[in-house]
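Worksheet for the structure shown next.
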Amino acid sequence: MIIIQIAGFLGSGKTTLMIRIGKAMSEKGKKVVIIVNEVGEVGVDGDVLAQQGLRTLEISEGCICCSLSGTLQNTLRKVKQEYSPDIILLEPTGLALPNRINSLIRTSMVEPEMTRTVALVDAFRVDDLLANTRQFFIRQVEHADVLALNKVDVIGEDRLLDIERTLEEVLPDAKAVRISAKTGEGVEALVRLLNI
Ligand SMILES: Nc1nc2c(ncn2[C@@H]2O[C@H](COP(=O)(O)OP(=O)(O)OP(=O)(O)O)[C@@H](O)[C@H]2O)c(=O)[nH]1
Ligand SMILES: [Mg+2]
């Protein structure tokens with residue numbers, strides 16, 4: 001079992017990306033379970049997704065990295081026991097810290113063969129996030145396996161190059177990839193970078 005965490009600030013495109021990756025993996029014959037903490041802007045329609053082979057679970061009324069950390073761990077154990085999926089896709093809220101979630105996974109006794117973290121960044125908001133919530137932004141993306149710069153379908157090349165230069169200065173070790181969760185551009189490359 002592999003657990004893939006899709007982390008990133010509010011509205012960065014986590015749900016859109018997670019559903020896209022989930023469908024692609026399900027089409028390849030993998031058994032996929034999606035766990036969402038609080039449904040945000042784009043919702044998850046359990047019935048629709050079930051028809052596409054994706055089982056979805058929602059953990060609400062609290063944050064899985066703090067007040068509901070026990071619930072997250074119980075849910076992971078239950079999902080493993082009941083469904084034994086190949087892949088769990090996990091979407092924390094936009095205010096969660098991926099490292100906290102990963103340490104909760106490590107102590108939940110589900111023993112995944114692999115845990116991967118994608119940090120999803122809305123390309124339009126990089127300057128704003130660095131200006132206003134710099135430390136939080138860096139903590140949220142710095143240890144991810146891949147940094148995905150999202151929404152490149154609606155941003156020009158010059159602006160994108162500027163944003164990439166800014167990110168490289170702040171996070172010189174990040175493995176960055178351009179994607180559009182909406183159109184699917186770059187998503188295959190992102191999955192390849194995860195080495196799963
Ligand atoms: N143009 C464009 N819009 C996108 C892309 N990915 C997501 N969006 C839009 O961005 C908004 C937020 O997408 P979500 O998938 O809900 O993002 P999220 O990170 O799950 O949001 P929260 O759960 O509310 O934090 C929606 O209006 C999406 O349609 C993209 O690649 N390109
Ligand atoms: Mg969401």
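Only the coordinates and a few stated rules stand behind these numbers; no lab work does. Computed from a predicted structure; not experimentally measured. A quick note on method: Cβ atoms are made from the backbone with ideal geometry, for glycine too, and the neighbour counts reach across all protein chains shown.
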Legend entry - Pairwise FRET efficiency - Thr107 versus Glu168, Cβ, R0 = 35 Å, nearest 0.05: 0.55
Inset, instruction - Mind jotting down a quarter of the surface of the convex hull over the alpha carbons of segment 2-193, in square nanometres, one decimal? - result: 10.3 nm²
Inset, instruction - Net charge near Ile163: determine it from the other residues with C-beta under 14 Å of the C-beta of Ile163, scoring Lys and Arg +1 and Asp and Glu -1. - result: -4
Inset, instruction - Name the long-range amide H neighbours of Leu57: under 5 Å, sequence gap of 5 or more, or other chain; modelled H, no Pro or chain starts. - result: Ile34, Ile35, Val36
Inset, instruction - Could you pull out every residue, at least 5 positions away or on a different chain, whose amide H is within less than 5 Å of the one on Ile64? Hs are placed 1.01 Å off N in the peptide plane, and Pro or chain starts have none. - result: Thr93
Inset, instruction - Would you mind ranking Met25, Met1, Met114 so that the residue whose beta carbon has the fewest other beta carbons within 10 Å leads the list? - result: Met114, Met1, Met25
Legend entry - Charge context of Leu17, other residues only, Cβ under 10 angstrom, K/R +1, D/E -1: +2
Inset, instruction - Would you mind counting up the charge near Met109? Only other residues with Cβ under 11 Å from its Cβ, with Lys and Arg at +1 and Asp and Glu at -1. - result: +2
Inset, instruction - Kindly state, to the nearest 0.05, the FRET efficiency for Asn74 paired with Gln52, given R0 = 22 Å and r defined as their beta-carbon distance. - result: 0.25
Inset, instruction - Count neighbours as other Cβ atoms within 10 Å of each site's Cβ, and list the GluC sites (Glu not before Pro) in segment 1-94 that are DSSP loop with at most 14 such neighbours. - result: Glu41, Glu61
Legend entry - Spatially proximal lysines relative to Lys151 (Cα-Cα < 18 Å; intrachain offsets below 8 disregarded): Lys14, Lys175, Lys182
Inset, instruction - Take Val33, Val146, Val154 and order them by how many other Cβ atoms sit within 10 Å, fewest up front. - result: Val154, Val146, Val33
